[in-house]
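Asks: My questions all concern the structure below.
Read the figures in this text as sums done on the coordinates, not as results from a lab. Please read these numbers as outputs of a predicted model, since none were measured by experiment. Note: ideal-geometry Cβ built from the backbone for every residue, glycine included; neighbour counts use all protein chains shown.
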Amino acid sequence: MSEKTVCPVCPHHCALAEGQTGRCRARGNRGGNVVSLSYGRVNSVALDPVEKKPFARWQSGKFILSVGTFGCNLSCAFCQNATISQVGAETETESLPPERLAGMAAELAPRGNVGAAFTYNEPLIGWEYVYDAAKLLHEAGLLVALVTNGTAELAILEKLLPYVDAMNIDLKTWSAEGYKKLGGDFETVRRTISLAAKSCHVEITTLAAPGFGDDAEAMDEEAAWLASISEEMPLHISRYFPRWKMSEPMTPLATIEILCATAKKHLKYVYAGNC
């Protein structure tokens, strides 16, 4: 049996033999080292309004170049981007090295572009690409945003955070048990939120998916905890629609209203999304 190498990027710590790929589909053992398989390979590029990420209280009215690769280290049955996040290196991509990405973002500045957002799939599993591009973007006077599930080890966050200006972090459910069902780790995400809030602008998104983000009592606890970091931390409560493996009916608007009212007991800025 060939010797295995452990991936250090997220709490899964996949032990991979030569040629094997991790559960995120975007990292693999190649030549005895666990490397990014998605580096510079993008399948989604768009100039989006900043509010679409969503950011409600950062660079409002501006645009940002949004870039996605492939793969994710969670397996949420309700994933809204499964065609991007739940695929691997076999997916069709285009080459977009960091230098070209930074140049493209700079060229779009006259159209109101403020920088680049790493989004659509999970950017932290391909942190090397984000890191290299972010440094170049900052050198060009541009901003860097991440839309992330927050599931990464401390060493990765410490490398990236000096080059990140804003993060929208998915807080998918308010329980350790719920995160286990999604293939994630509750405490890791909470640590990411706490650390990021000390370093950059942070907004939170909770999808009101059935059995995960749609419970008012859990939302009360979530919002109280977020307020303990900052009562001005924006929270987006997003309406669920059937996607990927989850076919339950869409979240009732009344549920979104209750969740928003609950969160507003603790937080100054609460927004309903997908409504």
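Asks: Can you tell me which lysines have their Cα less than 21 Å from the Cα of K265? Leave out same-chain residues fewer than eight positions away.
Replies: K172
Asks: For the chain, what does the relative contact order come out to in percent, with C-alpha contacts under 8 Å and a separation of six or more?
Replies: Numbers: 594 pairs, mean separation 40.7, N = 275.
Relative CO of the chain lands at 15 percent.
Asks: Counting helices only, and only those DSSP H runs with n ≥ 4, report the 222 nm mean residue ellipticity of the chain as the sum of -39,500 (n - 2.57) divided by its residues, in deg cm²/dmol to the nearest 500.
Replies: Computed ellipticity for the chain at 222 nm equals -8500 deg cm²/dmol.
Asks: Give the separation of the Cα centroids, segment 220-275 to segment 111-151, in Å.
Replies: Cα centroid to Cα centroid, the span is 25 Å.
Asks: Springs between alpha-carbon pairs under 10 angstrom, Gaussian network model over the chain: which of P123, P49, P110 fluctuates most?
Replies: With Cα springs under 10 Å in the chain, the top fluctuation among P123, P49, P110 is at P110.
Asks: Separate question: Quick one: of the DSSP bridges fully inside the chain, what percent are antiparallel, nearest 5?
Replies: Of the beta bridges lying entirely in the chain, close to 40 percent run antiparallel.
Asks: When the chain is modelled as a GNM with alpha-carbon springs shorter than 10 Å, which of V189, V130, V35 fluctuates the most?
Replies: V35
Asks: Where a Cα-Cα gap under 13 Å defines reach, which aspartates and glutamates qualify for K4, not counting those fewer than 8 residues away within the same chain?
Replies: List returned: E18.
Asks: Amide H neighbours of L143 under 5 Å, counting only residues 5+ apart in sequence or on other chains, H built in-plane at 1.01 Å?
Replies: Long-range HN contacts for L143: G115, A116.
Asks: Would you mind checking K135/K264; K62/K180; K52/K181 for any pair whose Cα atoms are more than 30 angstrom apart?
Replies: Flagged as over cut-off: K135/K264; K62/K180.
Asks: Normalising by the residue count of segment 140-275, find the relative contact order in percent from Cα pairs under 8 Å and 6+ residues apart.
Replies: Averaging sequence separation for qualifying contacts and normalising by length gives 22 percent for segment 140-275.
Asks: Gaussian network model of the chain, Cα springs within a sub-10 Å range: biggest mean-square fluctuation belongs to which of G19, G71, G150?
Replies: It is G19.
Asks: Can you bin every Cα-Cα distance in segment 38-273 into 10 Å intervals starting at zero and give me the percent of pairs per bin, rounded to whole numbers?
Replies: The percentages, shortest bin first, are 8, 33, 38, 18, 3.
Asks: Related question: For a quick check of your reading of the filter: which GluC sites (Glu not before Pro) in segment 2-101 sit in a DSSP loop and have no more than 14 other Cβ atoms within 10 Å?
Replies: Of the GluC sites (Glu not before Pro), the ones in loops of segment 2-101 whose Cβ has at most 14 other Cβ atoms within 10 Å are E3, E18, E90, E92.
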